[in-house]
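These notes concern the structure reproduced below.
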Amino acid sequence: MSTPQPADLDDPLLWLEDVHGERAMAWVREHNAVSLGLLQAHGDYPALRRELLGVLNASDRIPQVQRYGPWFYNLWQDADHPRGLWRRTTLSDYQKPAPQWETMLDLDALGQAEGENWVFGGVQCLGPDYRLALLSLSRGGADAAVVREFDTLTLQFVAGGFELAEAKSLVEWINADALYVATDFGPGSMTEAGYPRIIKRWQRGTALTDAPTVFEGEAQDVAVAVHVDHSPGFERTIFSRALDFYNEARFLLDGERLVELDLPSDMQQQFWGARLLLQPRSDWHLSDQTYAAGSLLLSDAAAYLRGERSFQVLFSPTPTRSLDAYALTRSQVILNISDQVASRLEAWRFDGPSPVHRRIDAPFPGHLQLASLYDSELPEGDEFAEHYLLNYADFLTPDSLFLAQTGGDQRQLLKSRSPQFTAAGMKTEQFFASSADGTQVPYFVVWPAGASADGRNPTLLYGYGGFEVALQPWYSGGFGRAWYGRGGVLVLANIRGGGEFGPSWHQAALRDQKQRSYDDFIAVAEDVIRRGISSPRHLGIMGGSNGGLLVGATFVQRPELFNAVVCQVPLLDMRRYHQLLAGASWMAEYGDPDQPQDWAFIAKYSPYQNVRAGVRYPKVLFTTSTRDDRVHPGHARRTAARMEALGHAVLYFENIEGGHGGAADNQQRATLQALEYSYLWQQLGR
């Protein structure tokens with residue numbers, strides 16, 4: 001493939017990067033109308049949307065909860081509350097089939113009263129009583145949000161309380177009358193990636209403009225951050241500079257002095273009371289030993305800070321086993337291990353004379369998710385200090401949420417979803433494809449009932465392959481209703497660049513090796529065709545964000561393999577990605593296109609530069625959001641426009657709200673998903 005020259009400012013399509021510009025929005029509305037007209041005319045569209053909305057709004061969904069003291073909080077969206085109710089209950093009530101929820105804030109009522117399209121952006125509550133909360137509210141689902149102080153006792157915003165204007169902000173409680181704040185303080189206060197680089201200490205009752213600066217990063221950093229650990233007896237404050245997406249410099253506040261932590265910049269660390277947990281992202285060479293990337297190490301925190309380097313290894317990776325996550329209780333570390341992309345649990349116990357390791361009997365194979373109920377700010381008598389929530393699901397088994405306790409394998413079923421589709425006659429298989437360099441790449445195949453390897457199955461290949469994000473088996477009522485139930489096959493590719501096998505699997509497809517992600521995805525597609533699972537006429541691909549870049553690069557390089565491409569909130573112009581919104585924060589993943597040596601390898605796969613006239617591409621569906629302030633909608637806009645200018649048929653849909661998730665509520669999600677499935681059935685149906 002030839003290396004194109006860098007795009008310059010004479011690109012005639014740059015006007016489409018003017019997100020809210022009149023001309024650009026006219027183009028968006030025109031293309032939305034065409035796509036809606038075509039896809040909503042598909043015979044199954046009304047039924048698809050109705051079924052998808054039913055799944056999204058179903059009353060038996062498991063309410064996802066977050067513990068603050070005695071309360072378990074949840075954001076609930078349904079047909080009557082599209083933007084959601086922020087609400088809470090107790091664990092004893094949560095265990096009931098129909099819990100009694102106390103509504104804290106009605107997002108729809110708030111938006112109507114204030115004339116705003118508020119989307120819930122998260123909350124931080126101040127322990128140990130958790131009365132005061134900092135709520136983030138975004139317009140249309142953008143990353144930028146306003147922050148307001150809320151009183152969970154009076155159920156009111158605090159008059160004259162802490163409040164921040166719309167920005168990409170970070171806030172952290174110091175105490176009831178003080179915050180650390182990183183936000184847009186004006187010119188020079190943000191990094192080139194568009195995140196805060198200055199942290200101030202804001203005292204209640206004073207103007208933010210008078211708050212003193214306590215920490216600063218550099219303009220070329222990704223962002224700054226601060227974390228306050230309120231654990232009694234182990235209070236710590238740590239400031240950090242994100243040097244790039246994977247490296248940071250960390251500083252421990254010692255009185256009024258900042259002391260830099262002696263850690264490799266790519267090390268992940270977490271204090272746990274008197275202990276320190278470390279996860280190397282690259283092999284860590286010390287004088288007497290090397291600790292492998294992806295391992296988990298435990299040290300005495302005070303000893304480490306004194307310069308001692310003595311560790312207990314809690315986990316060591318193998319070629320097929322990686323640490324997906326871990327959870328902490330008062331006395332135990334629970335490991336969630338990915339074993340050939342299926343979850344297993346192990347635990348280390350530290351409340352006796354010596355550590356004890358054991359395997360936990362848990363559902364297998366499938367995907368397990370852990371959430372500890374331990375709260376280090378609460379006293380010794382906390383009844384949930386050794387409890388955790390455990391969720392299990394696989395492609396054909398609906399989610400089940402259990403309450404578990406350390407020390408045993410018995411667990412209580414709290415909630416479970418009823419089946420959203422008929423799984424009788426269906427099956428799931430795992431295969432391995434051989435990539436261009438011989439690497440064996442795993443992938444899952446979910447077969448609908450009655451399907452056979454005749455090469456005629458409408459098949460959707462899904463992938464991501466970036467930022468060490470692992471794709472695990474999941475249960476999806478939407479796929480069940482709109483895809484499996486109509487005869488579609490799903491293929492999930494665990495390609496390099498992801499985190500399925502730990503840091504090494506990710507790092508194998510970084511920067512100048514990014515093409516390996518695309519080679520892996522192509523290899524899976526070719527293996528799917530070779531096995532007769534599908535054929536190019538019936539094979540489509542889907543991916544979002546970095547996955548949008550994946551499918552963009554793949555269809556440009558191997559258009560003959562596919563007949564459908566769903567390219568969601570994508571990066572596509574890799575010559576300009578670092579100049580758009582948060583793009584500069586991803587240069588550790590892709591490289592710096594302003595550097596000739598980096599552009600030399602980026603240019604070979606950047607979809608925007610490599611799309612050509614005279615090549616038969618599948619008709620691509622591009623989807624994005626006007627309110628996406630992470631990946632600029634200009635990527636999708638300009639690539640769609642460029643393909644049209646080169647004579648290619650494309651479809652384009654841009655939701656006016658939705659942020660990087662593409663939709664702000666279930667109505668919008670159902671519409672977007674129904675459009676995508678209608679497109680797939682039009683392109684791939686028998």
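Annotations
- Test result for Glu500, over 17 Å from Val650 (Cα atoms) and in contact (Cβ under 8 Å) with a residue 40 or more places away in the chain: yes
- Hey, Asp283 surrounded by fewer than 18 Cβ atoms within 10 Å (Cβ to Cβ), of a type in the set (D, E, K, R) and closer than 26 Å to Gly499 by Cα or not: yes
- Residue that is nearest to Arg67 (Cα to Cα) [pool: residues in the range 393-405 that are out of contact with any Lys or Arg (no Cβ under 6 Å at 6 or more places or on another chain) and surrounded by fewer than 21 Cβ atoms within 10 Å (Cβ to Cβ)]: Leu403
- Within the range 286-329, the set of residues being more than 24 Å from Gly407 (Cα to Cα), open to solvent by less than 30 Å² (accessible area, probe 1.4 Å), in contact with a strand residue (DSSP E or B) (Cβ under 7 Å, 6 or more places away or on another chain) and part of a loop (DSSP other than H, G, I, E, B) comprises just one member, Gly294.
- Candidates Asp399, Asp394, Asp454, Asp409, filtered to the one that is charged (D, E, K, R) and under 25 Å from Arg496 (Cβ atoms): Asp394
- Any hit, the range 176-199, residues being in a helix (DSSP H, G or I), open to solvent by 40 Å² or more (accessible area, probe 1.4 Å) and at pLDDT 95 or above: no
- Any chance Ser240 is polar (S, T, N, Q), open to solvent by less than 50 Å² (accessible area, probe 1.4 Å) and out of contact with any strand residue (DSSP E or B) (no Cβ under 7 Å at 6 or more places or on another chain): no
- Yes/no for Gln420 being buried (at least 19 other Cβ atoms within 10 Å of the Cβ) and either assigned to a loop (DSSP other than H, G, I, E, B) or modelled with pLDDT of 95 or more (or both): yes
- Total residues in the range 627-647 satisfying the condition of being open to solvent by 10 Å² or more (accessible area, probe 1.4 Å), modelled with pLDDT of 95 or more and in contact with a strand residue (DSSP E or B) (Cβ under 8 Å, 6 or more places away or on another chain): the figure is 1.
- Within the range 503-522, being open to solvent by less than 10 Å² (accessible area, probe 1.4 Å) and touching a strand residue (DSSP E or B) at 6+ places or on another chain (Cβ under 7 Å) holds for His506, Ala509, Ser517, Asp520, Phe521.
- Criterion violated by Ile334 - all others in (1) closer than 25 Å to Arg236 by Cα; (2) part of a loop (DSSP other than H, G, I, E, B); (3) among the β-branched types (Val, Ile, Thr) satisfied: (2)
- Counting residues in the range 99-119 that are touching a helix residue (DSSP H, G or I) at 6+ places or on another chain (Cβ under 8 Å), hydrophobic (A, V, I, L, M, F, W, C) and within 18 Å of Glu657 (Cα to Cα) gives one or more.
- Subset of the range 613-638 (residues that are part of a helix (DSSP H, G or I) and either over 30 Å from Leu137 (Cβ atoms) or among the hydroxyl-bearing types (Ser, Thr, Tyr) (or both)): Arg638
- Residue that is nearest to Ser606 (Cα to Cα), among those in the range 561-591 that are open to solvent by 10 Å² or more (accessible area, probe 1.4 Å) and charged (D, E, K, R): Arg575
- Residue in the range 603-612 that is touching a residue at least 60 places away in the same chain (Cβ under 8 Å), outside any loop (DSSP other than H, G, I, E, B) and of a type in the set (S, T, N, Q) present: yes
- In the range 13-31, the residues that are over 15 Å from His635 (Cα atoms) and among the small types (Gly, Ala, Ser) form Cβ pairs under 8 Å with partners that are open to solvent by 30 Å² or more (accessible area, probe 1.4 Å) and in a helix (DSSP H, G or I), at six or more places apart or across chains, as follows: Gly21/Trp15.
- Which numbered condition Glu218 fails, given (1) of a type in the set (D, E, K, R); (2) touching a residue at least 24 places away in the same chain (Cβ under 8 Å); (3) buried (at least 16 other Cβ atoms within 10 Å of the Cβ): (3)
The values are calculated or read from the model by the stated rules, or taken from the named source; none is laboratory data. Note that the coordinates shown come from a computational prediction; the quantities given were computed from them, not determined experimentally. Cβ: placed from backbone, ideal geometry, glycine included. Neighbour counts: every protein chain shown. When the accessible area is computed, the model is the full protein with side chains, heavy atoms only, and any ligands, DNA or RNA have been set aside. Shrake-Rupley method; radii C 1.70, N 1.55, O 1.52, S 1.80 Å.
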